[in-house]
1. What pairs come out if I take residues in segment 137-163 that are more than 19 Å from LEU78 (Cβ to Cβ) and pair them with residues that are small (Gly, Ala, Ser) and assigned to a strand (DSSP E or B) whose C-beta lies under 6 Å away, six or more apart or interchain?
2. Tally up the residues in segment 56-69 that are farther than 13 Å from GLY96 by Cβ and surrounded by fewer than 20 Cβ atoms within 10 Å (Cβ to Cβ), please.
3. Within segment 134-154, can you find the residues that are farther than 19 Å from LYS5 by Cα and of a type outside the set (D, E, K, R)?
4. Are any residues in segment 124-178 touching a Ser or Thr at 6+ places or on another chain (Cβ under 6 Å) and in a strand (DSSP E or B), and if so, which ones?
5. Looking at (1) among the hydrophobic types (A, V, I, L, M, F, W, C); (2) modelled with pLDDT of 95 or more; (3) closer than 22 Å to PHE20 by Cβ; (4) surrounded by fewer than 22 Cβ atoms within 10 Å (Cβ to Cβ), find the lone condition where ALA166 falls short.
6. In this structure, is ARG121 within 18 Å of GLY151 (Cα to Cα), more than 17 Å from the chain's Cα centre (by Cα), assigned to a loop (DSSP other than H, G, I, E, B) and charged (D, E, K, R)?
7. Output the residues belonging to segment 4-46 that are in contact with a strand residue (DSSP E or B) (Cβ under 7 Å, 6 or more places away or on another chain) and β-branched (Val, Ile, Thr).
8. Where in segment 1-102 are there helices (runs of 4 or more DSSP H), lying wholly inside it, with at least 1 residues that are among the basic types (Lys, Arg), within 17 Å of ARG152 (Cβ to Cβ) and touching a residue at least 12 places away in the same chain (Cβ under 8 Å)?
Amino acid sequence: MTGPKVLIIASNGFEEAELFVPLERLRASGCEVRVAAPSLRPIQATVLDVPGRRLAPDLTIADAQADDWDALLIPGGLINPDFLRTQVDSVDLVRGFVTAGKVVGAICHGPWLLVEADVLRGRRVTCWRSIRTDLRNAGAEVVDAPVVTDGRLVTAVGPDDAATFADALLAAMPATER
């Protein structure tokens, strides 16, 4: 039996710890984890504003389908989610995961994609301080906590919360998916 299939969507400018820490933790827990990006060219992390590690994606976001995965992870960083929320394929994919009732995790600025997908009305979330008003304006209740789980939606504040965020994602997955 294989573990849950988790898709991470990212582009250049993702916050390094917010992708790599959950990726490693999820894989160590038996999850199959793949990374989708706008193209198959390697993407560049940041550590705050300094260039970080590079990563070769496994597939493109355009080729990803929510039905093929059990969970979605959206890392933050300032650049990554700001770019992805302008891409129709990314926004449609996020909306597809949420409307299918799948586990969705977004950390730091990652919830910007949830705003763009219009899936936050009435949901409890947390995020990086500078986008709290955006989430409130999208109808969310913003909670001052490192990690917040609302059903199958898991959100976290930032890089320091990456390990706890990954654990919360695992806990949000039904036992049949683990």
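The values are calculated or read from the model by the stated rules, or taken from the named source; none is laboratory data. Model, not experiment: these values are computed from the prediction. Note that each Cβ is placed from the backbone with ideal geometry, even for glycine, and that neighbours are counted across all protein chains shown.
1. From residues that are more than 19 Å from LEU78 (Cβ to Cβ), the pairs are VAL147/ALA156; VAL154/GLY105.
2. Summing the residues that are farther than 13 Å from GLY96 by Cβ and surrounded by fewer than 20 Cβ atoms within 10 Å (Cβ to Cβ) in segment 56-69 gives 5.
3. Listed by number, the residues that qualify are LEU135, ASN137, ALA138, GLY139, ALA140, VAL142, VAL143, ALA145, PRO146, VAL147, VAL148, THR149.
4. Result: VAL125, VAL147, VAL148, THR155.
5. That leaves (4) as the condition not met.
6. yes
7. Selection gives VAL6, ILE8, ILE9, VAL33, VAL35, ILE43, THR46.
8. Where helices (runs of 4 or more DSSP H) fall fully within segment 1-102 and carry at least 1 residues being among the basic types (Lys, Arg), within 17 Å of ARG152 (Cβ to Cβ) and touching a residue at least 12 places away in the same chain (Cβ under 8 Å), they are 88-99.
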